1. If you add up the charges near Thr99, with Lys and Arg at +1 and Asp and Glu at -1, over every other residue whose beta carbon is less than 14 angstrom from its beta carbon, what do you get?
2. Give me, ordered by chain and number, the residues 5 or more places off Leu103 or on other chains with an amide H under 5 Å from its own placed amide H.
3. Determine ³J(HN,Hα), in whole Hz, for all residues of the stretch 48-63 in sequence, where each value follows from phi through the Karplus function 6.51 cos²θ - 1.76 cosθ + 1.60 and θ = phi - 60°; x replaces Gly and Pro.
4. Which of the GluC sites (Glu not before Pro) across the stretch 1-90 are loop residues per DSSP, with 14 or fewer other Cβ within 10 Å?
5. Counting Lys and Arg as +1 and Asp and Glu as -1, each charge on the Cβ, what is the dipole of the stretch 3-113 about the Cα centre in debye, to the nearest 20?
6. Grab the other residues whose beta carbon is less than 13 angstrom from that of His55, score K and R as +1, D and E as -1, and report the net.
7. Rounded to the nearest 500 deg cm²/dmol, what is the calculated helix-only ellipticity per residue at 222 nm for the chain, with -39500 (n - 2.57) per DSSP H run of length n ≥ 4?
8. Test of the criteria: in the stretch 19-92, which chymotrypsin sites (Phe, Trp or Tyr not before Pro) are in a DSSP loop and have at most 14 other Cβ atoms within 10 angstrom of their Cβ?
Amino acid sequence: MRLIDRLWLWRPGQLGGGYEKFLLLCTSILDVQLIRVPQGASIPSHVDPMPGYIHRRLNITLREPEEGGEVKLLKAPRKWWRLMCFRPDHVHHQVTKVTRGELLVLSIGWLTETPE
């Protein structure tokens with residue numbers, strides 16, 4: 001699928017679970033997206049390997065669900081208020097099932113080359 005076909009449209013998440021992504025910006029080293037986890041949906045535990053790169057992500061929670069939708073990471077992330085910074089290429093992460101309401105996250109990811 002061409003990049004232009006993925007921009008500015010809600011698309012189902014690649015891992016199943018009923019969540020959706022809205023790609024706002026994408027370059028070779030940066031992506032900015034909205035992630036929506038509606039009631040009844042979740043994001044399964046996973047890592048996002050990026051061979052040859054260090055992958056970092058800053059997530060900003062825009063809307064918290066009334067129940068469920070807890071972001072879980074295997075290792076404790078850096079978290080301040082509604083901001084969370086972590087390494088998705090090394091840390092298993094997931095979102096539990098949203099049982100009431102909706103989770104909406106602005107997610108900014110960037111890559112840097114692995115030092116030799």
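1. On the way: positive: Lys97, Arg100; negative: Glu64, Glu66, Glu67, Glu70, Glu102.
That sum, taken over residues with Cβ under 14 Å, equals -3.
2. Val37
3. The phi angles translate into 10, x, 9, x, x, 9, 9, 10, 10, 9, 10, 10, 10, 6, 8, 9 Hz.
4. Glu66, Glu70
5. Values: 15 positive and 11 negative charges, 47 e Å.
That gives a dipole near 220 debye.
6. Details: positive: Arg56, Arg57, Arg87; negative: Asp31, Asp48, Asp89, Glu113.
That sum, taken over residues with Cβ under 13 Å, equals -1.
7. Computed ellipticity for the chain at 222 nm equals -500 deg cm²/dmol.
8. Details: sites: Tyr19, Phe22, Tyr53, Trp80, Trp81, Phe86; in loops: Tyr19, Trp81.
Listed in order of number, the matching sites are Trp81.
Here, each number is a calculation from the coordinates, and none is a lab measurement. As the structure is a computational prediction, the values presented were derived from the model and not from experiment. So basically every Cβ, Gly included, is an ideal-geometry build from the backbone, and we count neighbours across all protein chains shown.
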